[in-house]
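The values are calculated or read from the model by the stated rules, or taken from the named source; none is laboratory data. These numbers come from a predicted model, not from an experiment. No Cβ is skipped: glycine too gets one built from the backbone with ideal geometry, and neighbour counts run over all protein chains shown. We work out accessible area using only protein heavy atoms, side chains counted, and drop any ligands, DNA or RNA first. Shrake-Rupley method; radii C 1.70, N 1.55, O 1.52, S 1.80 Å.
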Amino acid sequence: MTRSDAPEAGTRDESAGALTDVAGLRVGHAGRVGDGWLTGTTVVLAPEGGAVAAVDVRGGGPGTRETDALDPRNLVQRVEAVVLTGGSAYGLDAATGVMAWLEEQERGVRVGPESAHVVPVVPAACVFDLGRGGAFRARPDAALGRAAVEDAAARASGHAVTEGNLGAGTGAVVGRLKGGIGTASTVLGSGITVAALVVANAAGSGVDPSTGALYGRFFGGAPVELPPAEVHEAALRRLAEAAERNGRPPLNTTLAVVATDAELTKAQAQKLAGTSHDGMARAVRPVHLLNDGDTVFALATGEHRLDAGNPLALNEILAAGADMVTRAIVRALLAATPVETPGGTFPSYRSLYETGPSGV
């Protein structure tokens, strides 16, 4: 069962799958728009006690924090939260606010005799959206990170996740199109859930230039209905006009959190993060370039043990991770809404192609 129906642009789709279908995970957003701002932060909050975590960074220009702690050779096994943020490297300060909130909850790596003696390990990665709202110095800080984690904590387990222009996707752009937040999930035959949440913000394009179809839709298993030729031609003209107004192409980085309720080791989680990058490569072309910071985090909550009698059980999870990243990127592009600010004009896919409600 794959939950991947496309949402209405910028709305919450109660019937659609989401990262939060992995029981115990919560997602919170905070952002600022207007007066020079177009940026935000998204926090994935793990169940209390944390989740096994790993990371795989493929972009040549990453902006990250605490990713070394996720190496399987190192001490930390579980994390309480992952931060995805705008603001380039400046925006990584959002993780400080999340760390402070976790300390107040006494959640983190215990380092002393008292329950309050904890050090929360908060991995974070950023996208480049500097100046997209018009002000170069308008970027997330610790206060915005705290607002995002408080938003996550206030939600019930299994809550729906709003997609589109919010959180770390507030200022996101894919090629010349508005990007944003997207999410998808699936339940394998074993009963294990695999899900992804992405911040689609890529220098590469999510659209086949010869047809106008979203690249990621070619991997959905269903026939792809191509836009009419005249609609595609008009879309190309409008994109060229926007590009002329905007000047140089926007900078980039796509981020993802892939999660499962399977019991994985850190090494297995790292493999999941790595194979999930294949999902980016299907939906965005080109990808993983020198100036990209493309990063995938993997979380495993451990509710379901892998079937020891099925040597392919892990492979099914690895394949599903890539599939969910592809679908989440498609959903992000379909949920995004157009933005026009002093920092740039970015049409959405739907505003150009008038896409119907069907998704991948």
What are the principal axis extents of the Cα atoms in the range 126-257, in Å, biggest first?
-> 47, 46, 18
Fraction of beta bridges assigned by DSSP in the chain that are antiparallel (%, nearest 5) | 85 percent
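Over the range 19-353, with the other protein chains present, what is the accessible area per residue in square angstrom, probe 1.4 angstrom?
Heavy-atom accessible area per residue stands at 37 Å².
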In square nanometres and to one decimal, what's the mean projected area of the convex hull around the Cα atoms of the range 278-326?
-> 4.3 nm²
Before rounding to the nearest 500, sum -39500 (n - 2.57) across all DSSP H runs of length at least 4 in the chain and divide by the residue total; then give [θ] at 222 nm in deg cm²/dmol.
-> -8000 deg cm²/dmol
Percentage, to the nearest whole number, of Cα pairs in the range 276-360 over 15 Å apart = 71 percent
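Under a 1.4 angstrom probe, counting protein chains only, how are R245, R217, R285 ranked by accessible area, largest first?
My answer, sorted largest first, is R245, R285, R217.
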Using unit Cβ charges (K, R positive; D, E negative) and no other charged atoms, how large, in debye to the nearest 20, is the dipole of the chain about its Cα centre?
-> 600 debye
For the range 202-214, just list the computed ³J(HN,Hα) in residue order, Karplus coefficients 6.51, -1.76 and 1.60, θ = phi - 60°, integers in Hz, with x standing in for Gly and Pro.
-> 10, 6, x, 9, x, 10, 5, x, 7, 10, x, 7, 6
How large is log10 I(q)/I(0) at q = 0.09, 0.11, 0.14 Å⁻¹ when the Debye formula is applied to the Cα atoms of the chain, each weighted equally and without solvent?
-> -0.43, -0.64, -1.05
Work through the residues other than E303 whose Cβ is under 15 Å from its Cβ and net out their charges, Lys, Arg +1 and Asp, Glu -1.
-> -3
Per the 1.4 Å probe, what fraction of the accessible area of the chain, in percent, lies on carbon and sulfur atoms?
-> 50 percent
Rg/Rh of the range 155-209 (Cα atoms, Kirkwood Rh), to two decimals, equals 1.09
Translational D in µm²/s for the range 69-195 (Stokes-Einstein at 4 °C, 1.567 mPa s, Kirkwood Rh from C-alpha pairs) = 79 µm²/s
Under Karplus coefficients 6.51, -1.76 and 1.60, residue-wise ³J(HN,Hα) of the range 75-80 in Hz, glycine/proline x = 5, 5, 9, 10, 10, 8
Quick one: compute the contact order of the chain, relative version, from alpha carbon pairs under 8 angstrom and 6+ residues apart, as a percent.
-> 26 percent
Near T96, within a Cβ-to-Cβ distance under 14 Å, what is the net charge of the other residues, with Lys and Arg +1 and Asp and Glu -1?
-> -2
antiparallel share of DSSP beta bridges within the range 218-360, to nearest 5, in %, is 30 percent
Env charge @ A153, Cβ radius under 15 Å, K,R +1 / D,E -1, value -3
